[in-house]
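Each reported figure results from applying straightforward, stated rules to the coordinates on display, with no laboratory input. Computed from a predicted model, the values in this text were never measured in an experiment. Cβ atoms come from the backbone with ideal geometry, glycine included; neighbour counts cover every protein chain shown.
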Amino acid sequence: MFTKKSLVLLGINSQQEKAVLTLESQGELVSGRLRLYNFGKEPEGIVSLGFYQNGKVKKCGLVRSSNMLYTFKTDAFDAEEFSCAVVNFVGAKVTPLLFGTTQKNTSNEEILGKIAGEVFDESEAKKIEQKLDEHAVQYDDELQAEIDQQIDKAFSQSQPDEDKCSNCKYKRCFFGEEESQQKVFFIDEIKGQIDKLFKENPKENFLEEAIPSSKWVRVEFDGEGDYYILGLVYDEAGAIKYVCYGVPGIYQKNPPKQLSGYPVWFPLDSQKKESFGYWLTYQDAETGESIKAVVE
């Protein structure tokens, strides 16, 4: 039985959006955390998580812990081979946001459809809408304006002396100890998955020699020889600065569609830039955001 496992989920409509799912076994339960990256704003409505395994869908309600961070608990299950999706429910509309899988040779679209279809069925949607209607608080425009004005006034007064309340116990309680005192880096969230891939896959020696302070592996994904590459680039102090992904190929005007962010071309032969090489994309190790990198 696994003890801890992490998985990167990619956005359905934009692979700029990502999430890191972390699972931890706790006896008869599995506890988890879901942290969103590169979202312009927090998803509205209800956000839920669905796991697909052995032809069945397991639903997990997500509890918002802090900004872009959700937690959940569910019954224990084998987390070696599974797929999962994050689904957003607003009004009567169900929108899949993110998808990830550890399974090979599967139809991701088919699995995503099954998860989205069962996470929010019609009867549940009506129950949720009913509960929202029962507990909704409506203000007239005049009262809402007064409330907004008081909030703006409180914030404007607090700005000049903001540091004075940085250790306020009420602020820590409201925002959460973790959010106010401990910054979570993207690389920490995916460390388990990164370590596993580097342990189980062969080195890509050419890139290690060509790009200073880096290490790379080839990751086969279809059993037929196709692969992508995963790399880590370090700063002068030896800390991980970038997490890199890439695909092999022959130079073309436009980068492959499966690479998000800002892909750059790196030929094996610098004298023949339009020969065989790799399309590489870089993510900041702290934030997980895609960056424009220059490789030489």
note = Lys and Arg at +1, Asp and Glu at -1: neighbours of Tyr282 with Cβ under 11 Å from its Cβ sum to 0
remark   = Cβ density ranking, 10 Å radius, fewest first, applied to Leu280, Leu207 yields Leu207, Leu280
message = Whole angstrom only: what separates the Cα centroid of region 201-230 from the Cα centroid of region 253-295?
response = 14
query = For Asn201, what charge total do you get from the other residues with a beta carbon under 12 Å from its beta carbon, if Lys and Arg give +1 and Asp and Glu give -1?
reply = +1
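Neighbour counts of other C-beta atoms within 10 Å: give me Phe89, Phe221 arranged from fewest to most.
Details: Phe89 21, Phe221 10.
Ordered from fewest to most neighbouring Cβ atoms within 10 Å, Phe89, Phe221 come out as Phe221, Phe89.
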